[in-house]
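Trainee: Below you'll find the structure I mean.
The values are calculated or read from the model by the stated rules, or taken from the named source; none is laboratory data. As the structure is a computational prediction, the values presented were derived from the model and not from experiment. Cβ coordinates were reconstructed from backbone atoms using ideal geometry, including for glycine residues, and neighbour counts include every protein chain displayed. Note: accessible area is taken over every heavy atom of the protein model, side chains too, but ligands, DNA and RNA are not part of it. Shrake-Rupley method; radii C 1.70, N 1.55, O 1.52, S 1.80 Å.
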Amino acid sequence: MRKTQLAVVGGGPGGYVAAFRAADLGMEVTLIDEEADPGGVCLYRGCIPSKALLHVAKLINESREAAAWGLDFAPPSIDLQRLNDWKQQVVGKMTGGLGMLAKRRKVQQIQGRARFLDPQTVRVQRTDGVEEELRFSHAILATGSRPAAVPGMTVDNIRVLDSTGALELSDIPKSLLVVGGGYIGLELGSVYAALGSRVSVVEMTAGLIPPADRDLIRPLQERLEEQFEQIMLETKVVEIEAAETGVEVAFETVSGERSTRLFDKILVAVGRRPNSEDLGLENTAVVPDAKGFVPVDGKRRTSESSIFAIGDVAGEPMLAHKASHEAAVAVEAIAGHKVAFEPNAIPAVVFTDPEIAWCGLTESEAQRQGVAVEVARFPWAASGRATTLDRGDGLTKLLIDPGTERVLGVGIVGAGAGELIAEGTVAVEMAALARDLTLTIHPHPTLSETVMEAAEMHFGTSPHLYAPRKS
Ligand code: FAD
Ligand code: NAD
């Protein structure tokens, strides 16, 4: 039987970072995943292919918007084959690179599915049909998540797609219904809208992207209302039926109004479920919670002392960077270092146009928790850089502790908000004061100045807006 010091099950941004960090610390590591090269959902069918397509969508939209500045481009002619080839090249570059890095670090890789036989052994059903057993001192469970289903909506990836099917981009449907107004629905809905589909979104709650503050959503919703055919809030799909030319969908609003419409295709994007089944966890002391997440402590230890869990399978938020940071903590804990996963801020970015990004405390969370905060807002209409980009629709806001003036949270909506939030995350993580942001010289003209100017708004000293602080 093969033996290893550390077995990592799952090769996503949790698993491969864990394997690499462990190898760097001198451990003998075996990484098990169904793909030949590491990458997981994020690289093969998540973050990376979706952002490649969103880059294409941005270019298409900007070429249209340029007409207002006197630049007229002909409508793009879209070669889906070449577009898909390019997207696959992007994925291949990244996963191939990770494969090489795994070899250079001497990480043993087994291509297949692992199942725990006991707290120290997994059996791997290799993709070449051979079964093998692997004995380990420690294991890290990094099996990720999969799309959640809606009862009555069977994903066939022909008419009814999940995110994986939508990313395959087999055609550009004339009409697309997106079920779920969250990250995936709005990101991939934006891609299809830019490529020419008439996109409608149905969201069961009262607003798009429920965890984000409403003032951040407003500019996005206004833009999406122009790009999408319809946004239906507080509405549910109650029935779908295959028709000759598409799918007939019945909707019901919260007030009980019913309607039906025909769509070429449906994208189901109603959240993701952790992959904690069929892993043989019943042969260990690990017991997933009611939602299927594996409970872990600050070091990412499960209730089985030899097994750690990280990433989507270990709980919300289901984000790649959270998985990677947990990976480092778990490995260092195994190595005996004094570590814990205790971030002040995990940034969240929705890569729509405008992008929405936030970290630390949100205003709605502060209200829910009864935490007193002062909110300083800087509208991008007063930003020189935003004006040169014709993107005055953004907003940067800071949540500030009234007593200490510490920055507790940052929220941004606007072009490139996903890059800008990094400064906010450093501020929250380092317990920066609003004054620190005003005293830090930001380059001009940049959108990053909006973070400094939001802090200036707190003190009533923003040069670009007249809003003196009331004493
Ligand atoms: P995963 O990346 O899910 O990897 C788990 C791996 O384990 C998979 O390869 C799986 O096949 C393998 N596995 C499962 N069971 C077994 C087993 N028994 N044996 C062996 N291997 C197994 N997050 C962001 O932060 N930014 C984004 O922009 C972003 N965009 C996304 C876009 C889409 C369309 C989707 C679907 C997700 C996106 N996410 C994004 C979320 C991100 O992909 C996940 O949070 C991240 O991949 C989680 O990493 P992980 O390592 O926990 O698991
Ligand atoms: P989500 O949780 O972001 O959004 C799902 C939405 O569907 C919610 O607004 C929910 O209210 C709604 N919904 C649920 N059931 C519904 C129903 N029956 N009818 C109508 N609406 C319904 O989930 P997602 O968009 O599937 O993405 C899954 C996860 O993947 C995200 O939560 C995130 O963790 C990750 N992700 C991240 C990024 C990023 O970081 N940019 C991008 C894509 C995915």
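Trainee: Could you work out, for the range 318-426, what percent of all Cα-Cα pairs fall into each 5 Å distance bin, beginning at 0 Å and stopping at the bin that holds the largest distance?
Mentor: So the P(r) values, bin by bin, are 2, 12, 18, 19, 17, 14, 10, 6, 3, 1, 0.
Trainee: Now a separate question. For the range 172-204, list residues with backbone N below 20 Å from a point placed 7 Å from the Cα of Asp156 toward its Cβ?
Mentor: Counting only backbone N, you get 172-179.
Trainee: Same structure, new question: Given Val349, Ile400, Ala376, which one lies farthest toward the positive end of the charge dipole of the range 340-403, if we put +1 on the Cβ of every Lys and Arg and -1 on the Cβ of every Asp and Glu?
Mentor: In the range 340-403, that residue is Ala376.
Trainee: Counting Lys and Arg as +1 and Asp and Glu as -1, each charge on the Cβ, what is the dipole of the chain about the Cα centre in debye, to the nearest 20?
Mentor: Around 1060 debye, computed over the chain.
Trainee: Are there trypsin sites (Lys or Arg not before Pro) in the range 239-344 that DSSP puts in a loop and that have at most 12 other Cβ atoms within 10 Å, and which ones?
Mentor: Lys291, Lys338
Trainee: How many nm is it between the label spots at Ala74 and Asp118, if each spot is 7 Å from the Cα in line with the beta carbon?
Mentor: If labels sit at Ala74 and Asp118, their model points lie 7.1 nm apart.
Trainee: Based on the Cβ-Cβ distance of Leu101 and Arg126, what FRET efficiency does E = 1/(1 + (r/R0)^6) give at R0 = 22 Å, to the nearest 0.05?
Mentor: Plugging the Cβ-Cβ distance into 1/(1 + (r/R0)^6) gives 0.50.
Trainee: On to the next question. Out of all DSSP beta bridges with both ends in the chain, state the antiparallel percent to the nearest 5.
Mentor: Once the DSSP bridges in the chain are tallied, antiparallel ones form about 60 percent.
Trainee: Quick one: with all protein chains in place, what share of the accessible area of the range 1-153 is carbon or sulfur, to the nearest percent (1.4 Å probe)?
Mentor: 53
Trainee: Any idea what the relative contact order of the chain is, in percent, if you count C-alpha pairs under 8 Å spaced at least 6 apart?
Mentor: 14
Trainee: Turning to a different aspect of this structure: Could you tell me what percent of the accessible area of the range 173-303 is made up of carbon and sulfur, with a 1.4 Å probe and every protein chain present?
Mentor: Carbon-and-sulfur percentage of accessible area, whole number: 49.
Trainee: For the chain, what is the accessible area per residue in Å² when the probe is 1.4 Å?
Mentor: 47
Trainee: Next question, about the same structure. For an R0 of 35 angstrom, estimate the FRET efficiency from the Cβ-Cβ distance between Ala422 and Asn283 and round to the nearest 0.05.
Mentor: 0.25
Trainee: Using 1/(1 + (r/R0)^6) with R0 = 35 angstrom and r between the beta carbons of Glu405 and Ala340, what's the FRET efficiency to the nearest 0.05?
Mentor: The computed FRET efficiency comes out at 0.80.
Trainee: Could I ask something else about it? If you take the Cα Rg of the chain and divide it by 2.2 N^0.38 Å, with N the number of residues, what do you get?
Mentor: Working it through for the chain, the quotient is 1.04.
Trainee: For the chain, which cysteines have no second Cys with its Cβ under 4.7 Å from theirs?
Mentor: Cysteines lacking a close Cβ partner in the chain: Cys359.
Trainee: Take the Cα atoms of the range 20-117, build their convex hull, and give its volume per residue in Å³.
Mentor: So the per-residue Cα hull volume is 131 Å³.
Trainee: Let me ask you something else. P(r) for the range 131-181, please, calculated from all Cα pair distances in 10 Å bins and given in %.
Mentor: Values per bin, smallest distances first: 16, 39, 17, 18, 10, 1.
Trainee: Would you compute, for the Cα atoms of the range 212-333, the largest minus smallest coordinate along each principal axis and list the three values in descending order, in whole Å?
Mentor: Dimensions of the range 212-333 along the principal axes of its Cα atoms: 54, 36, 28 Å.
Trainee: In vacuum, with every alpha carbon of the range 132-254 counted as one equal point scatterer, what does the Debye formula give for log10 I(q)/I(0) at q = 0.12, 0.18, 0.20, 0.23 Å⁻¹? Two decimals, please.
Mentor: Debye curve over Cα of the range 132-254, log10 I(q)/I(0) at q = 0.12, 0.18, 0.20, 0.23 Å⁻¹: -0.51, -1.00, -1.22, -1.58.
Trainee: Hey, for a label at Glu62 modelled as a point 7 Å past Cα toward Cβ, could you say which residues of the range 196-216 have their backbone N under 19 Å away?
Mentor: Under cut-off, by backbone N: 196.
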